[in-house]
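K.L.:
What follows is a structure written as structure tokens; I'll ask about it next.
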Amino acid sequence: MSERDLIGYGATPPRICWPNDARIAISLVVNDEEVSENLLQDGIGKREVAGESLSPVPLDRRDLANESYFEYGSRAVVWRLFRIFKKHQVRCTFFACAVALERNPAVGPAITAEGHDILAHGNRCPRLQRTA
């Protein structure tokens, strides 16, 4: 096991010079996981239970309101973000779930065409909430 460096630069940090004498650098990341939620029609035996509120719909039935909640980002928000990024000449990194890119196949090519980076965010975004 290698030793950890707990001292770093100590009292003599290097002078960092950003382009145009900028004083701050920002790393912008977009999670593209909308529409990667679990759906009964996927044949996986369960639907997504996370959403804006607890659903009164039985777990063995489609919850169309919850599905539309997840669709909004894919149908509207991602395209709005592309327009904003283009207007302000901002490049960012998209953490994208494979299922989201499969369900909205125009997004992947748009990410790369606009010069953004794309990183794998798994097949589906893991849900960290109750399951029933």
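The values are calculated or read from the model by the stated rules, or taken from the named source; none is laboratory data. Since we're looking at a predicted model, the values are computed, not measured. Cβ coordinates were reconstructed from backbone atoms using ideal geometry, including for glycine residues, and neighbour counts include every protein chain displayed.
K.L.:
Which of (1) surrounded by 18 or more Cβ atoms within 10 Å (Cβ to Cβ); (2) more than 12 Å from V30 (Cβ to Cβ) is the odd one out, the single condition S68 does not satisfy?
P.N.:
(1)
K.L.:
Residues in segment 42-71 that are within 12 Å of D32 (Cα to Cα) and either at pLDDT 85 or above or of a type in the set (V, I, T) (or both): how many?
P.N.:
Summing the residues that are within 12 Å of D32 (Cα to Cα) and either at pLDDT 85 or above or of a type in the set (V, I, T) (or both) in segment 42-71 gives 1.
K.L.:
Right, here's the next one. Does S36 satisfy the criteria of being surrounded by 10 or more Cβ atoms within 10 Å (Cβ to Cβ), of a type in the set (G, A, S), assigned to a loop (DSSP other than H, G, I, E, B) and under 15 Å from the mean Cα position of the chain (by Cα)?
P.N.:
Yes.
K.L.:
Evaluate the following for F94: is it in contact with a His (Cβ under 8 Å, 6 or more places away or on another chain) and either part of a loop (DSSP other than H, G, I, E, B) or at negative phi (or both)?
P.N.:
yes
K.L.:
Answer with yes or no whether D63 is farther than 20 Å from V107 by Cβ and surrounded by 12 or more Cβ atoms within 10 Å (Cβ to Cβ).
P.N.:
Taking the combined requirement at face value, the residue satisfies it.
K.L.:
As an exercise: evaluate I24 against (1) surrounded by 12 or more Cβ atoms within 10 Å (Cβ to Cβ); (2) free of Cβ contacts under 8 Å to residues at least 60 places away in the same chain; (3) out of contact with any helix residue (DSSP H, G or I) (no Cβ under 9 Å at 6 or more places or on another chain); (4) not aromatic (F, W, Y) and give the number of the one condition it does not meet.
P.N.:
Here I24 clears every test but (1).
K.L.:
Inspect all residues belonging to segment 107-126 and state whether any of them is at positive phi and in contact with a helix residue (DSSP H, G or I) (Cβ under 8 Å, 6 or more places away or on another chain).
P.N.:
yes
K.L.:
Between residues in segment 75-97 that are touching a residue at least 40 places away in the same chain (Cβ under 8 Å) and under 16 Å from H121 (Cβ atoms) and residues that are polar (S, T, N, Q) and in a loop (DSSP other than H, G, I, E, B), which pairs lie under 7 Å by C-beta distance while being six or more apart or on different chains?
P.N.:
So the pair list comes out as C97/S36; C97/N123.
K.L.:
Identify the residue in segment 1-33 that is assigned to a loop (DSSP other than H, G, I, E, B) and β-branched (V, I, T) and, among all such residues, is farthest from V107 (Cα to Cα).
P.N.:
T12
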